[in-house]
Amino acid sequence: MLRTDAELKNSQRILADSVLARQQLVEALLPEEIPEVTKDFMIADHDYFIDHIQYEVDEYERLRSGGLKAIPKDWPVGRQLIAARIALKLTQRELARRLGVDESQVSRDERNDYHGITTERAARIREAMGIEAQITYRMASAPSPLLDAIKASKSGIAAKRPKGVKSVPKAASPRKGIDKQS
């Protein structure tokens, strides 16, 4: 993920150079007696690299232009914080000033995608940017009647067994002679 305008400019230069290098490779391979599958493989490496750089450039420009209204929940926290800063058009220097830290600290944190950040620190950064986080926990699926029966039996509460459940599973007991050491 691109983090600064300087990284954007550098990536745009690399992108332009890579497109030119790909074109030169295609032209150089035309007269060669190399199997087409090999040529395609060589060109595919360039295409993959170009696509990756183009994606990062597009993403940064979209964030910077306000094209992101909500940060995707499935992004890691560090990526969310970086994207929010970019979308708010805050520089690393400005965020550092708001946090009362050196700009190099914000740069280092972002370069490491805020790896290992605590929830308290993430909250401080969000507060400095003036954004809120909404965290929602939901059950992935409907509760299991069998699980309810197990929980009830462990708590000593008599629970009505769900249809089709004859008994609550018990921990396996060691079989004679197998689990004992000889």
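Cβ crowding within 10 Å ranks Leu29, Leu20, Leu2 as Leu20, Leu29, Leu2, fewest other Cβ atoms first.
Note on region 4-145: with charges restricted to the Cβ of Lys and Arg (+1) and Asp and Glu (-1), its dipole about the Cα centre is near 1140 debye.
Each value in this text was obtained by applying a stated rule to the coordinates, not by laboratory testing. Remember, it's a predicted structure, so these values are computed and weren't measured experimentally. Ideal geometry is used to build each Cβ from the backbone, glycine not excepted, and the neighbour counts take in all protein chains shown.
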